[in-house]
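The values are calculated or read from the model by the stated rules, or taken from the named source; none is laboratory data. This one's a predicted model, so the numbers in the text were calculated from it and none came from an experiment. Glycine also receives a Cβ, built like all others from the backbone with ideal geometry; neighbour counts cover every protein chain displayed. What goes into the accessible areas is simple: the full protein's heavy atoms, side chains included, and nothing from ligands, DNA or RNA. Shrake-Rupley method; radii C 1.70, N 1.55, O 1.52, S 1.80 Å.
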Amino acid sequence: MHVPLTVADFLERAELVYGERVGVVDEPHQPAPPWGSLTWREVARRARAQAAALDALGVGRGERVAVVSQNAARLLTAFFGVSGWGRVLVPINFRLNAEEVGYIVAHSGASVLLVDPELDDALRSVDAPHRFVLGAGSDGVLHREDPPEPWDDPDEHATATINYTSGTTARPKGVQLTHRNIWLNAAVFGWQAGVSDRDVYLHTLPMFHCNGWGMIYAVTGMGGRHVVARKVDGGEILRRVRDHGVTLLCGAPAVVAAILDAASDWPGEVPGRGRTRIVVAGAPPPTRTIERVETELGWEFVQIYGLTETTPLLTMNRTREEYDHLTPAERAARLGRAGAPALGVRLRVDAEGELLARGNHVMEGYWRQPAETAEAIRDGWFHTGDGGVIDADNHVSILDRKKDVIISGGENVSSIEVEDCIFSHPAVAEVAVIGVPDERWGETVKALVVVAPGARVTEQEIIEHCRARLAHYKCPTSVEFRDALARTATGKLQKYLLREPYWAGRGRRVN
Ligand code: AMP
């Protein structure tokens, strides 16, 4: 028998098996009712009501519903209310400005746009055939009590979400993830991370970022509990770990750093000792940070590696019996690698040192970009753009990035996009944007600028020019002026040479 795997399965089981249990705890300042603490039955009822409202609007299967929102219970519900009935959810980074969001809404061809009330003003200019502010009205928009029309011919190869991610092109690309991609990623990730009905998951990771790495589905399918967090704040995270009995959270190394900072001021024992595990990816965390997670927090540190294009799980590194007798420092050194292939994932390194992957988590393709898709998936292998090595014990370490992308605080920044923006300043003759190591964010954006003859411009003016045009996390935090920039014979910027002085003395060229 073959029964299509769809995201509806996850919520269906939560309602069936754990219907009366609280499934989602929203932010305390969110209106309750209708939001607040919701049982799984209530979440499922709301998802059905969303689907019924989309029916009433005439939004067909396969049509896109874009949503821009900080983490919220209603956003979580949309992952099921939209995709569960055969429509495609496009969760958009809430830090983007109106122009950037507008591009994604238009490129995805979304017929519906849902906007968080806090973002409504800033995104006023972004339009779609149907535009709603989430939570407006007593029970929120997009809510109809009559049952939705069933998705008659569910297809596991249908696209469930399109997640826009910055890469090597100036504009972000839409990663098409199918129901099957999402289902298998959630099952494998959930299994390898030991997700169970006893888990309380704190959303320190933005839900838009690769669907919260799939934890949205994995935790739901097991009937665990989601605790929503709209912002990352170390002290607040620790208070929620204490108040809600959090057992599991995910984030970039910057999130771990914020937690460790807050823990050093925490009176008494840090909550979650011996109970909580934190899954980290986005950049290789410093070994010392990994050690401190064990010694100062008493939490389990788990590293994963992957991309939005791979739903994301490719590798995991978790402690194992063989590490039990090691000292925390020795264990941290083992856990500093990105990890071994996840179940069903095959990896290899090509002659240029690029890591290639094969498996059921690899995306269908880039939405409406066949050339980019063909470039990324060649001869049955997905090209990650990451430079890595695979050790004798089949563990991967990421040492370098082949693609021109900067990862700051876990979010991708396209160097080309920032270069285009700086180049639009009339005083700029040449520009190169590079990532340099940063204590807080792992990497930060630096611009190297050659000023046009006779023109004058300051570092602050360049930064302000970017901040007026780009999401702030993409903007350079420093600008250096140069007489010339290193180029190849064909005139191409030699990024590697330009970056080198800032990375000298480090074992790897990513942070
Ligand atoms: P994104 O698609 O935004 O999730 O970013 C994916 C990129 O993050 C990868 O291509 C890597 O460059 C980087 N990345 C993710 N996890 C790790 C890790 N554990 N170590 C090093 N880099 C990572």
- [ ] Return a whole-number percent for the relative contact order of the chain, with Cα pairs under 8 Å and 6 or more residues apart as the contact set.
- [x] 12
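Which percent of the accessible area of segment 378-418 is formed by carbon and sulfur heavy atoms (probe 1.4 angstrom)? All intermediate terms of the calculation are to be shown ahead of the outcome.
Numbers: 680 of 1460 Å².
The nonpolar share, carbon plus sulfur, comes to 47 percent.
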Open item on the list: Could you work out [θ]222 nm for the chain from helices alone, using -39500 (n - 2.57) per DSSP H run of at least four and dividing by all its residues? Round to the nearest 500 deg cm²/dmol.
Closed with: -8000 deg cm²/dmol
- [ ] Beyond 26 Å between alpha-carbons counts as too far, so tell me which of Lys231/Lys403; Lys231/Lys495; Lys403/Lys474 fall in that bin.
- [x] Lys231/Lys403; Lys231/Lys495
Task: Those Cys residues of the chain for which no other cysteine Cβ falls under 4.7 Å - done: Cys210, Cys250, Cys421
- [ ] Give the accessible area for Glu27 in Å² (nearest 10); use a 1.4 Å probe, count only protein heavy atoms, and leave out ligands, DNA and RNA.
- [x] 10
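How large is the accessible surface per residue of segment 408-503, computed with a 1.4 Å probe and reported in Å² as a whole number?
It amounts to 49 Å² per residue over segment 408-503.
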Task: Antiparallel content of DSSP bridges confined to the chain, in %, to 5 - done: 60
Open item on the list: Whole-Hz ³J(HN,Hα) for each residue in segment 476-486, computed from phi via Karplus 6.51 cos²θ - 1.76 cosθ + 1.60 with θ = phi - 60°, x for glycine and proline: what do you get?
Closed with: x, 9, 8, 10, 10, 9, 10, 7, 7, 10, 4
TODO: Quick one: which residues, 5 or more positions from Gly36 or on another chain, have an amide H under 5 Å from its amide H? H modelled 1.01 Å from N in the peptide plane, none for Pro or chain starts.
DONE: Asp26
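Given a 1.4 Å probe and heavy atoms of the protein chains only, how would you sort Phe94, Phe481, largest accessible area at the top? It would help to have the intermediate numbers written out before the result.
On the way: Phe94 35, Phe481 90 Å².
Output order, biggest surface exposure first: Phe481, Phe94.
How much net charge surrounds Ala429 when only other residues with a Cβ under 11 Å from its Cβ are counted (Lys, Arg +1; Asp, Glu -1)?
Details: positive: Arg482; negative: Glu430, Asp483.
Overall, the nearby charge balance is -1.
If you count only protein heavy atoms with a 1.4 Å probe, what accessible area per residue comes out for segment 1-115, rounded to a whole Å²?
Numbers: 3700 Å² over 115 residues.
Counting only protein heavy atoms, the per-residue value for segment 1-115 is 32 Å².
For segment 1-175, what class follows from the C-alpha gyration tensor (a ≥ b ≥ c being the square roots of its eigenvalues): rounded when a/c is under 1.5, otherwise prolate if a/b is larger than b/c, else oblate? Please list the in-between numbers first.
On the way: a/c = 1.67, a/b = 1.20, b/c = 1.39.
Taking the square roots of the gyration eigenvalues as a ≥ b ≥ c, segment 1-175 is oblate.
For Gly109, what is the net charge nearby, where nearby means another residue's Cβ is under 9 Å from its Cβ and Lys, Arg count +1, Asp, Glu -1? Intermediate results must be reported in sequence, preceding the final value.
Values: positive: Arg64, Arg368; negative: Glu63.
Counting the neighbours of Gly109, the net charge comes to +1.
Given axes a ≥ b ≥ c from the Cα gyration tensor, I'd like to know whether segment 127-221 is rounded (a/c under 1.5), prolate (a/b larger than b/c) or oblate. List each step's numbers first, then the result.
Working: a/c = 1.43, a/b = 1.16, b/c = 1.23.
Verdict is rounded for segment 127-221.
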Open item on the list: I'd like the carbon and sulfur percentage of the solvent accessible area for segment 1-175, probe radius 1.4 Å, heavy atoms only, ligands and nucleic acids excluded.
Closed with: 54
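Using only the heavy atoms of the protein chains and a 1.4 Å probe, how would Thr169, Thr161 rank by accessible area, largest first? The partial results should precede the final answer.
Values: Thr169 40, Thr161 0 Å².
So, going from the largest accessible area down, we get Thr169, Thr161.
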Open item on the list: Give me a comma-separated list of calculated 3J(HN,Hα) values for segment 163-178, in order, Karplus coefficients 6.51, -1.76, 1.60 applied at θ = phi - 60°, integers in Hz, x for any Gly or Pro.
Closed with: 10, 7, 9, 7, x, 8, 9, 4, 9, x, 10, x, 7, 8, 9, 8
Open item on the list: Full-extension gain between Arg346 and Arg506, please, as 0.36 nm times their residue separation minus the C-alpha to C-alpha distance.
Closed with: 54.7 nm
Open item on the list: With every protein chain kept in place and ligands, DNA and RNA left out, what is the accessible area per residue of segment 238-304? Probe 1.4 Å, answer in Å².
Closed with: 36
Open item on the list: Quick check: Cα centre of segment 82-161 to Cα centre of segment 264-283, how many Å?
Closed with: 34
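Is the shape of segment 198-270 best called rounded, prolate or oblate, per the rule: a/c under 1.5 gives rounded, else a/b larger than b/c gives prolate, else oblate, with a ≥ b ≥ c the square roots of the Cα gyration tensor eigenvalues? If you can, show how the numbers build up before the last one.
Numbers: a/c = 2.61, a/b = 1.49, b/c = 1.75.
Oblate shape, in that a/c is at least 1.5 and b/c is the bigger or equal ratio.
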- [ ] Leaving ligands, DNA and RNA out of it, work out the accessible area of His157 with a 1.4 Å probe and give it in Å² to the nearest 10.
- [x] 110
Open item on the list: If amide hydrogens are placed 1.01 Å from N in the peptide plane, which non-local residues have theirs closer than 5 Å to the one on Val451?
Closed with: Ala429, Arg482
Task: Set of segment 264-293 residues, backbone N closer than 17 Å to the point 7 Å along the Cα-Cβ line of Ala329 - done: 286-293
Open item on the list: Spelling out what I want: for every residue of segment 406-412, take phi, set θ = phi - 60°, compute 6.51 cos²θ - 1.76 cosθ + 1.60 (Karplus), and round to whole Hz; glycine and proline get x.
Closed with: 10, 10, 10, x, x, 9, 6
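Can you sort Arg288, Arg95, Arg482 by 1.4 Å-probe accessible area, starting with the largest? Don't skip to the end; give the middle numbers.
On the way: Arg288 135, Arg95 115, Arg482 75 Å².
These residues rank, largest area first, as Arg288, Arg95, Arg482.
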